[in-house]
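Colleague: Take a look at this one; I'll ask things after.
The values are calculated or read from the model by the stated rules, or taken from the named source; none is laboratory data. Computed from a prediction, not measured in an experiment: that's the story for all the values here. Please note: Cβ atoms are built from the backbone with ideal geometry, for glycine as well, and neighbour counts cover all protein chains shown. Ligands, DNA and RNA are stripped out before the accessible areas are found, and what is left, the full protein with its side chains, is counted by its heavy atoms. Shrake-Rupley method; radii C 1.70, N 1.55, O 1.52, S 1.80 Å.
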Amino acid sequence: MADPSSYRPKPGQIPDSPGVYKFRDEHGRVIYVGKAKSLRQRLANYFQDLAGLHPRTRTMVTTAASVEWTVVSTEVEALQLEYSWIKEFDPRFNVKYRDDKSYPYLAVTLNEEFPRVQVMRGAKKKGVRYFGPYGHAWAIRETVDLMLRVFPVRTCSAGVFKRSAQIGRPCLLGYIGKCSAPCVGRISPEEHHELAEEFCDFMAGRTGAYIRRLERGMQEAAEEMEYERAARLRDDIGALKRAMEKSAVVLADATDADLIAVAEDELEAAVQIFHVRGGRVRGQRGWVTDKVEAVTTSGLVEHALQQLYGEERGDAVPKEVLVPALPEPVEPVAQWLSERRGSQVSLRIPQRGDKKDLMATVGRNAQQALGLHKTKRASDLTTRSRALEEIAGALGLDAVPLRIECFDISHLQGDDVVASMVVFEDGLARKSEYRRFQIKSFQGQDDVRSMHEVIGRRFKRYLQEKQKSGEWTEEPADDARVDDNGATATTVTASTDDLEPDPMAGRPTDEDGRPKRFAYPPQLVVVDGGAPQVAAARRALDELGIDDVAVCGLAKRLEEVWLPEEDDPVVLPRSSEGLYLLQRVRDEAHRFAIAYQRSKRTKRLKSSPLDAVAGLGDTRRQALLKHFGSLKKLRAATVDEICEVPGVGRKTAETVAAALAGAAPSAPAVNTATGEIIEDDGAPPAALSAERGQER
């Protein structure tokens, strides 16, 4: 590990001008490339106290052995040079997007004497028009098959074309009218090239004028009683419209734009791009990257723009690029895109309308792509085994933790405090054994105390099962409750609902065949938090005399692993499969806890004194609220006024009035986003959405 002060440039040596810099390691390899509006200010940030640097930046500067820079005239030149050097040196600490697949394109080889339409993958070639990318090659072939009826461009390989020219007989497509047969001279090179240009224009979105021309030709043929030609043109129009229907209209104003969305977590990021041409989605592609440097969403967007348009010119760069966050600064990037297109390019964040809705769709695709990438990674047996071995080695365990349980606390400013327990066995989630807890021993916000209570309750149940050696019976506790299936379940102070029912063949069961809860102990308990939460969990286990279960905590800010009674955390490598598995376990516990906390809050906000009125169903309850407008006005109404509501008799009206008179009015709630006083007839949806930003 190098000391950055050993290669720090002397004061005043670094110029205060735009430029690009490179960090090299002891072997002279470039490990990081960056650009700056002011080289002096940017490089000074790398040579501050190591404790103040982001962990990934700290790793980079301690791996480097030297730094050098190149001065340029403008920020646009710096952007271009940075892209060129990243492509040339492939630095290990730079964000590098990798395609999650090799996307196929529909390509037209306009650089040949007789242009050919074909499916192409890989690097783009000069003089070839590309359309797409497409999700599957068969989608391209279906589109081409429809288009060849109207634009009979050559699709055969060079070998087939040469052989047909030698024997003077076209291939099958030439006989059925789906190729103009330039191989045997049915069409001149100039005419065939013009036909290929028309094909490209139609694929580029200029469809309306061409279809209108065919429709006029069909009408003229019909007027001249050339019905066969009119029928052929009618079928051509139908084929083109079917080809157009394969890409739905998403923007009504025939916009040419690329929409870029980013989904990210602490270690990885996924980028999705929708290519919209003529208002229709003409292509889609996605990338996934490891976040090997400390990078924001704006930085990820800038890297995506470099990757997407670094080799493009002209119309390949659209007039409009919509992004979730603007690069900082945005002007050099917008100018760079405009120079590559040859005209003005608008780079902005959509704020309203169809474009914002479509951006939300692209964002969902990015989230799904990131989730799919993680699922593929987690489903690999070898990877899971390596992850468990790395966890065992880092935590000093005697054996790999085949069963891991993770606990998380969730609340909204101290209200509706709940906890979750998720279970991973052999590196895979076992949702049938997820559990949810309500914190009832105290009121208010205290994550450490809550964690101690939950761990204690979970393992107290385990000890109860263990005491019955060979008999897996469940002792009823103080507050037995009824679960969703109507059977008496465990106490509220021990656990709550299952997430999903699962037969769990071969597992310990009750006399009625239901799977046992808390029957198996984990080898490792993971808590969401740092040293205080870990200490609370360990204390709960010690109080119960359990010493064969390991405990650790995962702090989200720097992804540090904390162990009991240790002053310093364990820092797993960023590329560690063990860290990735711990992160998945922690994130799943957080998701499960948040979902339970939201459901409890929603039920509480929707509860009403009318719910306790015997014989009053949903229909009449809604009728009462609709008639009076709010619960406050209903409470002030007389029995005779309540009887005026259709379907409500006097006896029911008296029951409602008595129930509301006995129920004390609740204190007014306040919408934390607007300061609005919310009436006691229920919280508006805006209140829920505002609160979600403050929940944990």
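Colleague: Please state, to two decimals, what the Cα-based radius of gyration of region 520-664 comes to when divided by 2.2 N^0.38 Å (N = residues). Don't skip to the end; give the middle numbers.
Modeller: On the way: Rg = 26.6 Å, N = 145, 2.2 N^0.38 = 14.6 Å.
It is 1.82.
Colleague: What are the ³J(HN,Hα) values, in whole Hz, obtained from phi via the Karplus relation 6.51 cos²θ - 1.76 cosθ + 1.60 with θ = phi - 60°, for each residue of region 349-361 in sequence order, with x given for Gly and Pro?
Modeller: 9, x, 10, 7, x, 4, 5, 5, 5, 5, 4, 5, 5
Colleague: Still on this structure, I have one more. At 1.4 Å probe size, with every protein chain present, just tell me what the per residue accessible area of region 254-409 comes to in Å². Write down the numbers at each step before the final one.
Modeller: Numbers: 6240 Å² over 156 residues.
Computed with neighbouring chains in place, this is 40 Å² per residue.
Colleague: Across 5 Å bins from 0, what is the distribution of all Cα-Cα pair distances for region 259-396, in whole percents?
Modeller: Pair shares across the bins are 2, 9, 17, 19, 19, 12, 7, 5, 4, 3, 2, 0, 0.
Colleague: Ordered by packing density, taken as the mean number of other Cβ atoms within 10 Å over each peptide's residues, highest first, how do 294-305, 362-373, 154-165 rank?
Modeller: Numbers: 294-305: 20.2, 362-373: 17.5, 154-165: 15.7.
Final packing ranking: 294-305, 362-373, 154-165.
Colleague: Each label point is 7 Å from the Cα along the Cα-to-Cβ direction; what then is the distance between the points at GLN48 and THR602, in nm?
Modeller: If labels sit at GLN48 and THR602, their model points lie 4.3 nm apart.
Colleague: With bins 10 Å wide starting at 0, give me the P(r) of region 425-464 over every alpha carbon pair, in whole percents.
Modeller: 23, 42, 30, 4
Colleague: Ok, one more. Quick one: length gained pulling LYS651 to ASP542 fully straight, 0.36 nm per residue minus the C-alpha distance? Each step should come with its number before you reach the end.
Modeller: Values: separation 109, 0.36 × 109 = 39.24 nm, distance 5.93 nm.
Value of the extension gain: 33.3 nm.
Colleague: I would also like to ask the following. Listed here are the pairs LYS37/LYS356; LYS87/LYS126; LYS87/LYS291; LYS126/LYS178; LYS22/LYS87; which of them are more than 23 Å apart at the Cα? Please report the intermediate quantities before stating the final value.
Modeller: Values: LYS37/LYS356 31 Å; LYS87/LYS126 18 Å; LYS87/LYS291 17 Å; LYS126/LYS178 27 Å; LYS22/LYS87 13 Å.
Pairs exceeding 23 Å: LYS37/LYS356; LYS126/LYS178.
Colleague: Which loop-located trypsin sites (Lys or Arg not before Pro) does region 272-315 contain, where loop means any DSSP state but H, G, I, E or B and the Cβ has at most 12 other Cβ atoms within 10 Å?
Modeller: Details: sites: ARG277, ARG280, ARG282, ARG285, LYS291, ARG313; in loops: LYS291, ARG313.
Of the trypsin sites (Lys or Arg not before Pro), the ones in loops of region 272-315 whose Cβ has at most 12 other Cβ atoms within 10 Å are ARG313.
Colleague: Roughly how many nanometres apart are two label points built 7 Å out from the Cα toward the Cβ at ARG352 and THR297?
Modeller: 2.1
Colleague: Taking 30 Å as R0, compute the FRET efficiency from the Cβ-Cβ separation of GLN443 and ARG403 and round it to 0.05.
Modeller: Details: r = 33 Å, r/R0 = 1.10.
According to the calculation, E is roughly 0.35.
Colleague: Roughly what would the spin-label model give for HIS27 and SER188, points 7 Å off Cα along C-beta, in nm?
Modeller: Inter-label distance under the simple model: 6.1 nm.
Colleague: Now for a different question. If R0 is 22 Å, what FRET efficiency do you get for ALA614 and ASP640 from their C-beta distance, rounded to 0.05? Numbers along the way, then the final one.
Modeller: Details: r = 21 Å, r/R0 = 0.97.
Between ALA614 and ASP640 the formula returns 0.55.
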